[in-house]
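Asks: What follows is a structure written as structure tokens; I'll ask about it next.
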Amino acid sequence: MKNSVLTKLASRIDDATRHGKAIQQLTLTYKLDIDDGYEIQRLAVARRLLRGEHTIGTKLGFTSRAKMQQMGLDQIICGRLTSGMLVDDGGTLPLAGLIHPRAEPEIALLMKHDLSGPVTLPGAMAAVEAVACAIEIIDSRYQNFKFTLPDVIADNTSCCRLVLGGWQRPDSDFGNLGMMLQFNGRPVGIGSSAAIMGHPARALVAISQLLGAQGRKVKAGSVVMLGSPMAAQPLAPGMHVLAEVERLGRAEFTVR
Amino acid sequence: MTTTIHQTIATELREIYQSRQYCAPISTRLPDNDVAGAYAIQDINTDHWLRAGRRLVGRKIGLTSRAVQEQLGVNQPDYGMLFADMCYADGETIPYENLQQPKIEGEVAFVLGQALDGDTLTIADVMAAVDYALPSFEIVGSRIKDWKIGIVDTIADNASSGMFVLGTEARKLSEFDLRLCGAVVEHKGEPVSTGAGAACLGNPLIAALWLARKMVEVGRPLRRGDIVLSGALGPMVNAQPGDAFTLRISGLGSVRALFSGTPP
């Protein structure tokens, strides 16, 4: 796909994100492949950076069967996290400007060293500084939350906001921790971190390979969101949203 | 009160364990939502099996997940009887030919060090009575063709009980997080069912309390040494001949279910 077209589509995605207005899937009009999707993502996020945000990390999508089934796709993808996406733990999230946001509980990693390309699981874990309970708020910029793989990649893998709980030492195994999402004190999702590729550390190996293949890296000091073990749940005004992960603690926010 | 129809259905269900000629839902032969009638049928078979010399070793609690309760249109769990001949140890081969349309579920099992009797039981009584917890597989089965069950069908059919497998590393309640413990059932290294303690009525001990009270109410109180299978922590999975499954529960250890036969 020509650069001028990719630039145009990136601005279309960025405008939809800024104005909270759903758009038609790009692939209904343009024949895009996965590489095109990642290039549109890069260009769209670059517009955020020009407005003063900075990159804080990376997120993974479709790392669990539950998420693949919910969205009908079967390949791990990655998106870019920027400073404007951060919501304080215990803070509020205004719904104004969002389209159809959903929340999911996740495990977040803080990196101590760079990672790029093929890496062993122990090697990947040795690069981790800390681990935390987190919430990702996703919000597809496409009508009805429907998309193909190039569409969702172009749309920065539906990334919208994230909430990070307190960082914990990564020295105990987090391969099978109970995870729970609650709305107003009632469970709306219950699962285990084992649903993330059998062990969430495998998702870190996967992102190292994925970024390495694109000539990029997981940077020291950056945050990695490993993906959700369960289907995301839609948000409504006034809701209190709480994620808990066994032993790692909790993260929460209120929807306004 | 038991009537002829209850006796007839009880006998039919019992015979299917051997014949494996699965039957149509039996609920169509009873009044709508006849839970009392369903338990009457279950009781007839429990008494029959006890007279035949089977040893009662515990209970299972079913319908403990919100999703399954919604699916069957009920708002409380159910129970079934566990006999000694249904119990396997970690890694023992389970004869597939003795099962009826088996599916497996990962659960927390409790073994009681004290009886739970009296009509004012509290959660503290239940916690004091639990000697230890174990990871366990329940191998559910149904005598109803293709598992086309409603609440009445499953209760009459001993709450769709089959066999169960107990792990062998005993843990005290204080050694793991009953509400947030992660649970994963693996088949050939793939996570085929995942969940956590809270998937069982919010906490497996809440299910055990419900059961203890119910057993007092129906006159079969839980006794010292009884095994309580508290309810599934994740979705059920079909079991085929030759299958091997591992359940891991965070803080509670693991247990394996191995089925005889060769995969289809």
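The values are calculated or read from the model by the stated rules, or taken from the named source; none is laboratory data. This one's a predicted model, so the numbers in the text were calculated from it and none came from an experiment. Cβ atoms come from the backbone with ideal geometry, glycine included; neighbour counts cover every protein chain shown. What goes into the accessible areas is simple: the full protein's heavy atoms, side chains included, and nothing from ligands, DNA or RNA. Shrake-Rupley method; radii C 1.70, N 1.55, O 1.52, S 1.80 Å.
Asks: Considering only the stretch B:191-207, how many residues are in contact (Cβ under 8 Å) with a residue 60 or more places away in the chain and more than 7 Å from chain A (Cβ to nearest Cβ)? Even if it seems obvious, please write down each step before you answer.
Replies: Initial filter on the stretch B:191-207 (in contact (Cβ under 8 Å) with a residue 60 or more places away in the chain): B:193, B:195, B:197, B:199-201, B:204-207.
Add one more test, that the residue is more than 7 Å from chain A (Cβ to nearest Cβ), and what stays is B:193, B:200-201, B:204-207.
Here the count works out to 7.
Asks: So, one more: Please verify whether A:Ala108 is of a type in the set (Gly, Ala, Ser), under 14 Å from the mean Cα position of the chain (by Cα) and closer than 16 Å to A:Ala251 by Cα, treating the condition exactly as stated. Spell out how you get there, then give the answer.
Replies: Working: of a type in the set (Gly, Ala, Ser): yes; under 14 Å from the mean Cα position of the chain (by Cα): yes; closer than 16 Å to A:Ala251 by Cα: yes.
Answer is yes for this residue.
Asks: Among residues belonging to the stretch B:14-52 that are hydroxyl-bearing (Ser, Thr, Tyr) and surrounded by 17 or more Cβ atoms within 10 Å (Cβ to Cβ), point out the one that is nearest to B:Ile155 (Cα to Cα).
Replies: Kept after step one, since they are hydroxyl-bearing (Ser, Thr, Tyr), are these residues of the stretch B:14-52: B:17, B:19, B:22, B:27-28, B:39, B:46.
Those still in the list that are surrounded by 17 or more Cβ atoms within 10 Å (Cβ to Cβ) too: B:27, B:39, B:46.
On the way: B:Ser27: 10, B:Tyr39: 6, B:Thr46: 12 Å.
Within the stretch B:14-52, the match that is nearest to B:Ile155 (Cα to Cα) is B:Tyr39.
Asks: In the stretch A:131-181, what residues are free of Cβ contacts under 8 Å to residues at least 40 places away in the same chain, touching a helix residue (DSSP H, G or I) at 6+ places or on another chain (Cβ under 8 Å) and open to solvent by 10 Å² or more (accessible area, probe 1.4 Å)?
Replies: The answer is A:Asn176, and nothing else.
Asks: Tell me which residues, restricted to the stretch A:159-187, are of a type in the set (A, V, I, L, M, F, W, C) and facing chain B (nearest Cβ under 10 Å).
Replies: Taking the stretch A:159-187 first, the residues of a type in the set (A, V, I, L, M, F, W, C) are A:159-160, A:162-164, A:167, A:174, A:177, A:179-181, A:183.
Selection gives A:Phe174, A:Leu177, A:Met179, A:Met180.
Asks: So which residues in the stretch A:101-131 are under 30 Å from A:Ala16 (Cβ atoms) and assigned to a strand (DSSP E or B)?
Replies: Taking the stretch A:101-131 and keeping what is under 30 Å from A:Ala16 (Cβ atoms), we get A:101-109.
Residues satisfying the conditions are A:Arg102, A:Ala103, A:Glu104, A:Pro105, A:Glu106, A:Ile107, A:Ala108, A:Leu109.
Asks: Taking B:Val185 as the residue in question, decide whether it is within 26 Å of B:Gln100 (Cα to Cα), within 14 Å of another protein chain (Cβ to nearest Cβ), open to solvent by 10 Å² or more (accessible area, probe 1.4 Å) and modelled with pLDDT of 95 or more.
Replies: Numbers: within 26 Å of B:Gln100 (Cα to Cα): yes; within 14 Å of another protein chain (Cβ to nearest Cβ): yes; open to solvent by 10 Å² or more (accessible area, probe 1.4 Å): no; modelled with pLDDT of 95 or more: yes.
For B:Val185, the condition - within 26 Å of B:Gln100 (Cα to Cα), within 14 Å of another protein chain (Cβ to nearest Cβ), open to solvent by 10 Å² or more (accessible area, probe 1.4 Å) and modelled with pLDDT of 95 or more - is not met.
Asks: Looking only at strands (runs of 3 or more DSSP E) that lie completely in the stretch A:197-256, which have at least 1 residues being within 13 Å of chain B (Cβ to nearest Cβ) and on the phi > 0 side of the Ramachandran plot? Show your work before the answer.
Replies: On the way: elements: A:223-225, A:240-245, A:249-255.
Strands (runs of 3 or more DSSP E) meeting the threshold: A:249-255.
Asks: Select from the stretch B:116-140 the residues that are in contact (Cβ under 8 Å) with a residue 24 or more places away in the chain, more than 30 Å from B:Thr93 (Cβ to Cβ) and out of contact with any Pro (no Cβ under 9 Å at 6 or more places or on another chain) and write down the one among them that is most open to solvent (accessible area, probe 1.4 Å).
Replies: Applying the filter and picking the extreme gives B:Asp119.
Asks: State all residues of the stretch B:1-13 that are surrounded by fewer than 18 Cβ atoms within 10 Å (Cβ to Cβ) and within 21 Å of B:Gln100 (Cα to Cα); if no residue qualifies, say none. Full working, then the answer.
Replies: Here is the first cut: in the stretch B:1-13, the residues surrounded by fewer than 18 Cβ atoms within 10 Å (Cβ to Cβ) are B:1-5, B:7-8, B:11-12.
If the condition is that a residue be surrounded by fewer than 18 Cβ atoms within 10 Å (Cβ to Cβ) and within 21 Å of B:Gln100 (Cα to Cα), then B:Thr8, B:Thr11, B:Glu12 are the ones that fit.
Asks: Filtering the stretch A:4-32 down to residues that are in contact (Cβ under 8 Å) with a residue 60 or more places away in the chain and part of a loop (DSSP other than H, G, I, E, B), which residue is nearest to A:Ser140 (Cα to Cα)?
Replies: A:Ala22
Asks: Can you give me the number of residues within the stretch A:103-120 that are surrounded by fewer than 17 Cβ atoms within 10 Å (Cβ to Cβ) and of a type in the set (Gly, Ala, Ser)?
Replies: So the first thing to find is which residues in the stretch A:103-120 are surrounded by fewer than 17 Cβ atoms within 10 Å (Cβ to Cβ), and the list is A:112-114, A:117-118, A:120.
Filter once more, so that each one left must be of a type in the set (Gly, Ala, Ser): A:117.
Result for the stretch A:103-120: 1.
Asks: Conditions: (1) surrounded by fewer than 24 Cβ atoms within 10 Å (Cβ to Cβ); (2) in contact (Cβ under 8 Å) with a residue 12 or more places away in the chain; (3) farther than 22 Å from A:Asp33 by Cα. A:Gly123 meets all but one. Number of the miss?
Replies: For A:Gly123, the failing item is (2).
Asks: Moving on. Can you tell me which residues in the stretch B:208-251 are within 14 Å of another protein chain (Cβ to nearest Cβ) and in contact with a Cys (Cβ under 9 Å, 6 or more places away or on another chain)?
Replies: Kept after step one, since they are within 14 Å of another protein chain (Cβ to nearest Cβ), are these residues of the stretch B:208-251: B:231-235, B:237, B:245-251.
Listed by number, the residues that qualify are B:Gly231, B:Ala232, B:Leu233, B:Ile249, B:Ser250, B:Gly251.
Asks: Check B:Leu247, B:Leu201, B:Leu258, B:Leu229 and return the single one that is part of a strand (DSSP E or B), in contact with a strand residue (DSSP E or B) (Cβ under 8 Å, 6 or more places away or on another chain) and open to solvent by 30 Å² or more (accessible area, probe 1.4 Å). Talk me through it step by step, then tell me what you get.
Replies: On the way: B:Leu247 fails: open to solvent by 30 Å² or more (accessible area, probe 1.4 Å); B:Leu201 fails: part of a strand (DSSP E or B); B:Leu229 fails: open to solvent by 30 Å² or more (accessible area, probe 1.4 Å).
Selected residue: B:Leu258, the only one of B:Leu247, B:Leu201, B:Leu258, B:Leu229 that is part of a strand (DSSP E or B), in contact with a strand residue (DSSP E or B) (Cβ under 8 Å, 6 or more places away or on another chain) and open to solvent by 30 Å² or more (accessible area, probe 1.4 Å).
Asks: Could you list all residues from the stretch B:204-226 that are open to solvent by less than 30 Å² (accessible area, probe 1.4 Å) and over 20 Å from B:Met86 (Cβ atoms)? Steps first, please.
Replies: Keep residues of the stretch B:204-226 that are open to solvent by less than 30 Å² (accessible area, probe 1.4 Å), which gives B:204-205, B:207-209, B:211-212, B:215, B:222, B:226.
Selection gives B:Leu205, B:Leu209, B:Ala212.
Asks: Somewhere in the stretch B:59-66, is a residue open to solvent by 60 Å² or more (accessible area, probe 1.4 Å), closer than 29 Å to B:Phe176 by Cα, within 19 Å of the chain's Cα centre (by Cα) and within 14 Å of another protein chain (Cβ to nearest Cβ)?
Replies: Of all residues in the stretch B:59-66, those open to solvent by 60 Å² or more (accessible area, probe 1.4 Å) come to B:66.
From what is left, the residues that are closer than 29 Å to B:Phe176 by Cα are B:66.
From what's left, within 19 Å of the chain's Cα centre (by Cα): B:66.
Okay, now just the ones that are also within 14 Å of another protein chain (Cβ to nearest Cβ), so B:66.
Taking every residue of the stretch B:59-66 in turn, at least one turns out to be open to solvent by 60 Å² or more (accessible area, probe 1.4 Å), closer than 29 Å to B:Phe176 by Cα, within 19 Å of the chain's Cα centre (by Cα) and within 14 Å of another protein chain (Cβ to nearest Cβ).
Asks: For the subset of the stretch A:206-256 comprising residues that are open to solvent by 30 Å² or more (accessible area, probe 1.4 Å) and in contact with a helix residue (DSSP H, G or I) (Cβ under 6 Å, 6 or more places away or on another chain), which member is nearest to A:Arg102 (Cα to Cα)?
Replies: Within the stretch A:206-256, the match that is nearest to A:Arg102 (Cα to Cα) is A:Ala231.
Asks: Criterion first (hydrophobic (A, V, I, L, M, F, W, C), farther than 30 Å from B:Thr120 by Cα and open to solvent by less than 30 Å² (accessible area, probe 1.4 Å)) does B:Met163 satisfy it?
Replies: Numbers: hydrophobic (A, V, I, L, M, F, W, C): yes; farther than 30 Å from B:Thr120 by Cα: yes; open to solvent by less than 30 Å² (accessible area, probe 1.4 Å): yes.
Criteria met by B:Met163.
Asks: Report yes if B:Ser174 is open to solvent by 10 Å² or more (accessible area, probe 1.4 Å) and either more than 14 Å from chain A (Cβ to nearest Cβ) or in contact with a Cys (Cβ under 8 Å, 6 or more places away or on another chain) (or both), otherwise no.
Replies: Details: open to solvent by 10 Å² or more (accessible area, probe 1.4 Å): yes; either more than 14 Å from chain A (Cβ to nearest Cβ) or in contact with a Cys (Cβ under 8 Å, 6 or more places away or on another chain) (or both): yes.
Considered against the rule, which asks whether it is open to solvent by 10 Å² or more (accessible area, probe 1.4 Å) and either more than 14 Å from chain A (Cβ to nearest Cβ) or in contact with a Cys (Cβ under 8 Å, 6 or more places away or on another chain) (or both), B:Ser174 comes out as yes.
Asks: Quick check on this structure: which one of A:Asp74, A:Asp89, A:Asp35 is assigned to a helix (DSSP H, G or I) and open to solvent by 70 Å² or more (accessible area, probe 1.4 Å)? It would help to see each step written out before you state the result.
Replies: Working: A:Asp74 fails: assigned to a helix (DSSP H, G or I); A:Asp89 fails: assigned to a helix (DSSP H, G or I).
Criteria check complete, one pass: A:Asp35.
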